[in-house]
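Bear in mind that the values in this text are calculations on the coordinates, not laboratory data. Everything numeric in this text was worked out from a predicted model, so none of it was measured. Methodologically, a virtual Cβ is constructed for each residue, glycine included, from the backbone with ideal geometry; neighbour enumeration extends over all protein chains shown.
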Amino acid sequence: MSESSEKPEDQVEPVDSNPTAKQGGRVTKGQLARDVAIYSIARLLLVVVIGAIILGVAALVGVAVPLLVAAIFAVLIALPLSLLLFAKLRKRVNEGIATFDAQRRADQADLRARLRGEGTSR
């Protein structure tokens with residue numbers, strides 16, 4: 001019996017140890033904004049690093065590459081690469097958005113129910 005009681009706890013822990021900072025299963029606007037900002041900054045830094053690598057390699061080879069061309073190639077390379085490198089961050093942002101949206105819908109439904117006079121036993 002103790003083994004069966006330990007397995008559900010093991011299954012519950014990954015949900016509770018979700019990297020999205022949740023308080024009681026709720027995501028605040030600040031937490032969601034922080035996660036989106038971290039993901040956006042990480043992607044921008046990847047573009048800057050790739051652009052610097054392109055310009056550095058071009059300088060080593062002795063080829064003049066315009067900054068705009070290096071920036072365009074950096075963006076094109078960073079798009080798929082960021083999906084792989086920042087998968088954990090992207091999933092955290094997606095989960096946060098989904099949780100926040102579910103919270104908003106539940107709050108709207110609760111408000112509508114209270115306005116109709118339903119569920120006033122609280």
Could you size up the charge dipole of segment 29-115 around its Cα centre, putting +1 on the beta carbon of Lys and Arg and -1 on that of Asp and Glu, and report it in debye to the nearest 20? 300 debye
Can you tell me, using C-alpha contacts under 8 Å and at least 6 residues apart, the relative contact order of segment 39-115 as a whole percent? 35 percent
Assuming R0 = 25 Å, what is the FRET efficiency of V48 and E95, from their Cβ-Cβ distance, to the nearest 0.05? 0.40
Say R0 is 25 Å: what FRET efficiency, to the nearest 0.05, do R34 and L85 get from their beta-carbon distance? 0.80
